[in-house]
Amino acid sequence: MSEYSALPVPPMSIRFDQGAGTLSPEGPTLTRRMSDLEGLFRDSEAWAAAVADGDPIVYSVVSSPVPEIDRELPQSITTIQPGTTAGELWMTKGHQHPNHQGEIYLCISGHGGLLMFDGTETRWVDMTPGTIGYMPPGWAHRSINVGDEPYSFLAVYPGGAGHDYGWVLEHGMGQRVLAGADGLDFVNYVEG
Ligand code: 6PG
Ligand code: NI
């Protein structure tokens, strides 16, 4: 018997209800409205106008009961609504894992992208159902809905990785993703 077999959650299966957007059994659920994304959109006036105009839900994150502690392997499903703010596609806040560890995303539905930044270089992974995106340790990551319907993906990450949101506010993400006339426009994070 492993010395870890008495940890908080037993072996289990977890069901995802795509229509209801729920996990069962469930853990914490997070709802991010436009007001939660302060300082992240290029056009801060357009951001403030969207906050004043109903403060829409931009994305939600449902988690399984697996806790975010060392040696555990938590999972969550993020659903980003379709939309743009001054042309910038709706996105997650983005973060760095301070205890640098890898992470995977599996696209469940919709069309999205995974923007990664290591402080110098950016990488883009197109995400359609069935795609697994891999984030190596040290790469900050942000998800973006590039389609017309909600974009959902499963995230699996080490429980001791931690989440640093200040890193993105300080360093940016290298690039931004705008909805162009003929597809996506990638612009520099600051000048764009
Ligand atoms: C994680 C995952 C993922 C992420 C959500 C919301 O490390 O937990 O990357 O679950 O947290 O997609 O994105 P933000 O955490 O950047 O708001
Ligand atoms: Ni992460």
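Considering the range 134-152, and only residues there that are more than 11 Å from ligand 2 (Cβ to nearest atom) and in a strand (DSSP E or B), the residue that is farthest from I80 (Cα to Cα) turns out to be Y134.
Identify, from the list G147, G192, the residue that is at pLDDT below 95, surrounded by 13 or more Cβ atoms within 10 Å (Cβ to Cβ) and away from ligand 1 (no atom under 14 Å from the Cβ). The match here is G192.
Within the range 3-60, being of a type in the set (D, E, K, R), open to solvent by 80 Å² or more (accessible area, probe 1.4 Å) and within 17 Å of the chain's Cα centre (by Cα) holds for R33, E38. Looking across the range 39-82, the residues that are on the phi > 0 side of the Ramachandran plot and in contact (Cβ under 8 Å) with a residue 40 or more places away in the chain come down to G39, R71.
The residues listed here are A155, A161; of these, the one that is within 12 Å of ligand 1 (Cβ to nearest atom), out of contact with any Lys or Arg (no Cβ under 7 Å at 6 or more places or on another chain), in a loop (DSSP other than H, G, I, E, B) and not charged (D, E, K, R) is A161. Taken across the range 95-107, residues that are touching a Ser or Thr at 6+ places or on another chain (Cβ under 6 Å), in contact (Cβ under 8 Å) with a residue 40 or more places away in the chain and open to solvent by less than 50 Å² (accessible area, probe 1.4 Å) do occur, with at least one present.
The values are calculated or read from the model by the stated rules, or taken from the named source; none is laboratory data. Keep in mind that this is a model prediction, so the values were computed, not measured. In this analysis, Cβ positions are derived from the backbone assuming ideal geometry, glycine residues included, and neighbour counts consider all displayed protein chains. These accessible areas exclude ligands, DNA and RNA; they are computed on the full protein's heavy atoms, side chains included. Shrake-Rupley method; radii C 1.70, N 1.55, O 1.52, S 1.80 Å.
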